[in-house]
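This report concerns only the one structure given below.
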Amino acid sequence: MSEPVQPTVAVVDDDPIFQFTAMRTLQNVKLATPVMQFSNGREILNYLRDHAEDPAHLPDIIFLDINMPLMDGWMFLDDFHTVRESLAKPITIYMVSSSIDMRDIDKARENPLVADYVVKPVSPERFSELLRIV
């Protein structure tokens with residue numbers, strides 16, 4: 001019997017500590033491999049444009065922070081529609097933030113591109129739950 005295919009995950013966050021802990025958690029509990037890392041929305045948007053036709057290089061899931069320099073999570077979502085239709089596979093987006101402000105939570109949950117709002121820190125159990133939903 002073959003092992004289930006692990007999703008490719010992209011963590012988009014300017015906090016290197018969150019990036020590192022998310023990557024280690026996902027790899028240690030064998031939830032995802034590889035884990036791509038981007039420090040802002042512009043970086044991943046450019047990456048998606050450059051690899052739109054190659055499903056092997058696209059993430060299955062994006063964990064997207066709200067507050068980042070250059071292009072934050074909201075700006076990324078505003079521009080994602082410009083590449084979404086050209087992508088070789090669908091991508092699930094989870095908004096991830098330490099904010100517990102109901103305005104952020106409601107805004108994320110009302111956005112049809114966002115699958116769920118996840119509050120940091122993200123436990124191994126929560127990562128597992130989110131990756132099994134996809």
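The values are calculated or read from the model by the stated rules, or taken from the named source; none is laboratory data. Here the structure is a predicted model, which means the values were calculated and not measured. Methodologically, a virtual Cβ is constructed for each residue, glycine included, from the backbone with ideal geometry; neighbour enumeration extends over all protein chains shown.
Among the candidates F20, F63, F80, F76, single out the residue that is part of a helix (DSSP H, G or I) and closer than 21 Å to E125 by Cβ. Lay out the reasoning, then the answer.
Working: F63 fails: part of a helix (DSSP H, G or I); F80 fails: closer than 21 Å to E125 by Cβ; F76 fails: closer than 21 Å to E125 by Cβ.
Just one listed residue meets the conditions, F20.
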Residue ID - surrounded by the fewest Cβ atoms within 10 Å (Cβ to Cβ), chosen from residues in region 33-54 that are of a type in the set (V, I, T) and closer than 19 Å to D65 by Cβ:
V35
Within the set of pairs 6 or more residues apart or between chains, which connect a residue that is closer than 11 Å to Y94 by Cα inside region 108-123 to a residue that is hydroxyl-bearing (S, T, Y) and surrounded by 13 or more Cβ atoms within 10 Å (Cβ to Cβ) with Cβ atoms less than 6 Å apart?
A108/Y117; R109/Y117; A115/T92; A115/Y94; D116/Y94; V118/Y94
For L58, indicate whether it is over 26 Å from D104 (Cβ atoms), in contact with a Lys or Arg (Cβ under 9 Å, 6 or more places away or on another chain) and surrounded by 13 or more Cβ atoms within 10 Å (Cβ to Cβ).
yes
How many residues are in contact with a Leu (Cβ under 9 Å, 6 or more places away or on another chain) and either among the hydroxyl-bearing types (S, T, Y) or assigned to a helix (DSSP H, G or I) (or both) when one looks only at region 5-17?
1
Among the residues of region 23-51, which ones are more than 22 Å from L87 (Cα to Cα) and either assigned to a loop (DSSP other than H, G, I, E, B) or at pLDDT 95 or above (or both)?
V29, K30, L31
Quick check on my filter: what residues within region 110-134 are part of a helix (DSSP H, G or I), surrounded by 13 or more Cβ atoms within 10 Å (Cβ to Cβ) and of a type in the set (K, R)?
R126
